[in-house]
Every structure is written in C-alpha cells, then in structure tokens.
Amino acid sequence: MHSFVPDAYWRWRTEGLTRPALRDAGPAATPSEHLLQQVWRHQRLRREALRTLDGHPVTVLHPGFWNREAGPDFRAAVVQIGGQTATSGDVEIDLRPVAWHQHGHDRNPAYRNVCLHVVWQGNTSPTAELPTLTLENALDAPLDQIREWLGGDHCTAPPATQRGACAAPLGDLGEDAFADLLRQAALARLRLKAERFAARAREAGWEQSLWEGLFAALGYKHNAWPMRRLAELRTRVLAELEARPARAFELQARLLGLAGLLPDQLTHRRPATDTWLRAAWDVWWRWRETVAASVLPRTAWRFHGLRPANHPQRRLALAAHWLATPGWADRWETWLARDVPARDLLVSVASGLQSDPDPFWSRHYTLTSTPTPRPQPLLGPTRMTDLAVNVLLPWLWSRARSGDNARWQERVELRYLTWPAAEDNVVLRLARQRLLAGRTLPRPIRAAHQQGLLQIVRDFCEHSNSLCAECRFPGLLRSAVA
Ligand code: SF4
C-alpha cells in the first residue's frame, strides 16, 4: 500500500507549473500574453472598476470565446462602454497599446471587428477610435496568486485522444494510492474555487460572491457570463422590493426583462403563456426605464445546442424564487452544521435548492415551449450536484478559511469528498481515455474523483500538448512512488 505525502499534489502544481522555464522572458511582475488571455477569459478582474484609458466605464457582458487560431484573441465578446449601447465584437489582448501597430493588427482585415483592445499597461490608445483597457490595476488578486490559480502562464489547446505518457505510471499505482492522488487533486480544485470566492468577497462581500457563483453555474457552459452579470445587478433587481417580501413572480419579470429575454409578442396560441406574459410586462414596463442602460442585449446569450431544461429563462425563474425567499443565502451554514449521511446529501441539498411549485414554470421549459404533460421540478439532481460541488461547498470552505475555522473546513471537505458522482462530460471522457487508458475510477465513484481528474487535466494536460511534451506529471508520479 502506498499513499502520497499530504499536500503532494498541491506542491506539484504550485512548484511545477510556475517554474521559470514556463514563463515568458521578463520580470515576474509582468505577465505573458498567454497569462493575460487567461485572466480575461476567467475575468479575474475587479469588474466594476474597469475603465478605458480615456476614462469611460467598461461593463463586460461576455468576455467572448477564446480563439486559438489566427486573428483576435477573443471572438464575439459583448461589452458596454460608457453609456453606449452594448457592442458585440472581438477583443485583442496585448501587453501594451503599441503592439496594435507593431503586430500589424491595424493593417489586418481579420482585426476589423475588434471593439476593445485589452493591454497590461499603457497610457495612450493605439488609435483614437479603439477603446483601450489596461489590466495592471484591475486584477482581483495579486498577479502571482492568479498565475498560481491558473496553474502557470501557458495554456494550450485541449489534448488529443491518444494515450498519455502518464497512463503507465497511473496504471502502476495501487488502489489506495490512486484514490489518494485523486482526493488530493480534488481538494486542490476545491481550494482554487474557494480562492476565487474569497477574491470576489473582498470586493463585494460574501453573500454577493455566493449569488454570482450560483447565477454563473445556472448559466451552464455558454451563458455563465450574462448570468453572472445579472447577479452583479442583484441589488438593483431587489431595490424597492426589499421593504416587503418580494414575490417570485415580480422578480422573474424583472430578471427576464433585464436579461432581454422577455418576448414582446404574445403567442396567440398558448393562453397560459400569454396570461403570464401580460402580467410580466405589467411589472416590467413600470421598472424598465430605471434600468434601461443595463438591459442585456440578445447577443450576450447563446442558445445553440442548449437543452430546454437549461434555458436561461427557466434558470432565471428559479433564481427569482431563491431571491424572493428572505434569508435564503443564510441557510447554507445551517445546512453545513447538520449531520447528513452521504446517502442523503442530494436530498438534503435539494431541500434548500428546490423552490415552491411554480404554477407556470413547472409546466414550461421556456416562454415559447409547449406545456409539459406533467409538472417538472425547476432543478434536477445533476444540476444540484454541480451547484453543490462547484459553488456551495467551495464558498463555505472559503468562508471557513477566512474565519480560521479548521473544523468547518474539514466538515466541508468531508461533504465534498463523499458527494455522489456528477454527470459524465466530454472532458472526463477524454481524460479517462488519455490518463486512465481503461482503468476505472475508484468505486463507488464520487464527484471528488471526477473533480480530481478534471484538475489534473487543467494543471498538466492544458499546459502540454497531445504528445505530452514537457509534462512533468509522469515524472512526478514515478518519483513519488519510488
Ligand atoms: S499531458 Fe501530462 S497529464 Fe496529460 S495525458 Fe500527457 S502526461 Fe498525462
């Protein structure tokens, strides 16, 4: 039997991935362009404090999709600059404004659609027309912390499907050592998510950081950013409603209106939907003037390939129920204090996450869908596990850590490590092919095993290539068990 020394995985990722060989030349305080791209991609920024060089506030409704081909670094971002209408366009990241000309972007038609030049530092925009944003003083944590959080400066394309160089040493590990490795990697992931909550809490407070995490998770893959933006507007959504318990319906109307997802036409085919829409517009039109400048454009949302149950309209309907419940965010510390056996974890979290039955949304996935024959809960078990593992537990751990409460940290870790497995996904399938080459995860499979595997991919595969070039993971494994 073999186990790794405690914290072995954490040391591998922090000592290994930020080693000088992986940094671009230059002082440690200067990021590489790769790192700057990752900062933008994950929005590790004080988002309320962003201003262009000429002083206009910048609101990022969607940072865009990271482009690993030729052309601008991020495609189809949605940003609002000053009081103007939100613009959809590309974002180019450089270290300094002068790179715009040095790299020939000004002469390259592929860059015609760039709406924002994001740089590390500088004083003047490369052209009068192109808004420029500097990040040097806008990070949400010191650069070295963010670099460590990201696992280094370099992050490359997802790996190919061939068997990885670590498959053999991983296959040689005994069951206990394998489980211990995944446990350590999963705890590293918990800690990294918690650090993100702590960074946001420093700016906006603990409750706000929780709401933003929840909304982003409800946005699932492509709609995390517009959902997060709506959470940032939470106090405005609740304004004037705080004096009385806000009705979920009013909040649904406000959130959907603010999201730009409230249709302005009746269906004339579905009486229940039309009744709902009329009532929602009755709420929304009275309020919209006060928030007109903050309404999200349709371009901020992605609907392609979306399952109806994950549609943002339905997710916002659920979030409105949460917001309408006084003290909803406080219930999670009480939940943590209760002893819950592993087999009951999902049921126990469901009692906090499920809403009261909603007369309209329990039978409609969206505002255009036909009614379902039977009522459907607003949240299924799969999404509950995602919310618990990615938001609630990291947030609780982060709070416990900020209060130096080791006992509560351990309590969170125990819950995290025993949480039932989440739904499979494409990254996990790829990881099993490459890293495990047929070896199964320890039984019974827990969400933490999956989280650990995902963290190894994030820390090592994403910093290497399909041939595992320069990946230290196989060597670290061999030396740890030698
Ligand atoms: S890049 Fe590293 S961690 Fe990923 S499959 Fe290759 S050897 Fe394994």
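Conditions tested, residue by residue: (1) among the small types (Gly, Ala, Ser); (2) within 15 Å of the ligand (Cβ to nearest atom); (3) crowded, with 21+ Cβ neighbours inside 10 Å; (4) under 24 Å from the mean Cα position of the chain (by Cα).
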| residue | (1), (2), (3), (4) |
| --- | --- |
| Asp424 | no, no, no, yes |
| Leu435 | no, yes, yes, no |
| Pro444 | no, no, no, no |
| Gln450 | no, no, yes, yes |
| Leu453 | no, yes, yes, yes |
| His463 | no, yes, yes, yes |
| Ser466 | yes, yes, no, no |
| Glu470 | no, yes, no, no |
| Val481 | no, no, no, no |
What are the pairs, 6+ residues apart or on separate chains, where a residue within the stretch 91-116 that is assigned by TED's automatic domain parsing to the domain that holds Val60 and under 18 Å from Val39 (Cβ atoms) has its Cβ under 6 Å from a residue that is part of a loop (DSSP other than H, G, I, E, B) and acidic (Asp, Glu)? Glu92/Asp73; Ile93/Asp73
Only one of Gly83, Gly55, Gly71, Gly122 is in contact with a strand residue (DSSP E or B) (Cβ under 7 Å, 6 or more places away or on another chain) and either in a loop (DSSP other than H, G, I, E, B) or crowded, with 18+ Cβ neighbours inside 10 Å (or both), namely Gly122
Out of (1) free of Cβ contacts under 8 Å to residues at least 24 places away in the same chain; (2) over 15 Å from Trp419 (Cβ atoms); (3) among the polar types (S, T, N, Q), the one Thr368 does not meet is (1)
The stretch 188-199 residues that are assigned to a helix (DSSP H, G or I), paired with ones that are among the acidic types (Asp, Glu) (beta carbon under 6 Å, 6 or more apart): Ala199/Asp140
Of the residues Leu477, Leu387, which is of a type outside the set (Phe, Trp, Tyr), within 16 Å of the ligand (Cβ to nearest atom) and assigned to a helix (DSSP H, G or I)? Leu477
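Rundown of residues vs (1) assigned to a helix (DSSP H, G or I); (2) among the polar types (S, T, N, Q), yes/no style:
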residue	(1), (2)
Ala253	yes, no
Arg269	no, no
Ala279	yes, no
Thr299	yes, yes
Phe303	no, no
From the residues in the stretch 408-437 that are of a type outside the set (Asp, Glu), touching a residue at least 40 places away in the same chain (Cβ under 8 Å) and outside any helix (DSSP H, G or I), which one is nearest to Gly164 (Cα to Cα)? Ala437
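The values are calculated or read from the model by the stated rules, or taken from the named source; none is laboratory data. For clarity, every value in this text was computed on a predicted model and none was experimentally measured. For neighbour counting, all protein chains shown are included, and Cβ atoms are generated from backbone atoms with ideal geometry for every residue, glycine included.
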